[in-house]
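Notes follow once the structure below has been shown.
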Amino acid sequence: DLDTFRLYEMSMGPLETSRPWNTRDVVGMQRFLQRVWRNLVDEDTGELKVADAPANDDLRRLLHRTIDGVRADMDNLRFNTAIAKLIELNNALTQEVAASGATPSEVARPLVQMLAPLCPHLGEELWSRLGNTDSITYVPFPEADPSLLVDDSVEYPVQVNGKVRSRISVPADADQESVKATALADDKVVAALAGATPKKVIVVPGRMVNLVV
């Protein structure tokens, strides 16, 4: 309960901002912590639900983006946004656990390390269940892998005469001709053009593709 209230108070917004107490939001934080627990510990048996199997690529990338973001948020006392990032990571982890039945250990340890400064009681308990005999208090914060902070792909909205008709995903290092070719080959774009040939194809790097008919 102490961890729940700590988490709720820090999730309310920037420290300098005053907000009214909302009991429903307290319940939201409690449910988040319950989901974290269920992702790591079987509620019926009390057994650890952590496996040595590697995380999938999407979850691994999200983990390292979360580590990087939470570190920056903690350094700047932005506890509310740090909590939001941890909730996003745990939501993705919940889907992984539903599919595989277990939390990858490469996710479990840093998740608990990031959660511990915000929820010290839960952090210590989970850290112990992960097989550690030392206190998590003095364990260094996890480090993000810089290579996993760079997106492999970029999403472009594709407009036809100013109206978004589709979205395409291309490699982050794709040149403008490749982006243009991908947009023109997209089924929704082809349907929107209805056989017409665009007079202009404008590619704004990293932002959008605009077709003028």
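The values are calculated or read from the model by the stated rules, or taken from the named source; none is laboratory data. The model shown is predicted, which means the values in this text are computed figures rather than measured ones. Please note: Cβ atoms are built from the backbone with ideal geometry, for glycine as well, and neighbour counts cover all protein chains shown. Accessible surface is based on the protein model in full, side chains and every heavy atom, while ligands, DNA and RNA are left aside. Shrake-Rupley method; radii C 1.70, N 1.55, O 1.52, S 1.80 Å.
Could you please let me know if Pro142 is of a type outside the set (A, V, I, L, M) and either open to solvent by 60 Å² or more (accessible area, probe 1.4 Å) or touching a Leu at 6+ places or on another chain (Cβ under 7 Å) (or both)?
In short, no.
Cβ-Cβ distances below 8 Å connect the following pairs, each with a first residue in region 190-203 that is farther than 22 Å from Ser178 by Cβ, a second residue that is open to solvent by less than 70 Å² (accessible area, probe 1.4 Å) and not polar (S, T, N, Q), and a separation of six or more residues or different chains: Ala196/Val213. Among the residues of this structure, Glu106 does not count as one that is in a helix (DSSP H, G or I), open to solvent by 90 Å² or more (accessible area, probe 1.4 Å) and of a type outside the set (Gly, Ala, Ser).
Selection of first residues in region 171-184 that are among the hydroxyl-bearing types (Ser, Thr, Tyr) and of second residues that are part of a strand (DSSP E or B), restricted to Cβ pairs under 7 Å at least 6 apart or on distinct chains, gives the following pairs, ordered by first then second residue: Ser178/Val170; Thr182/Ile168; Thr182/Val170.
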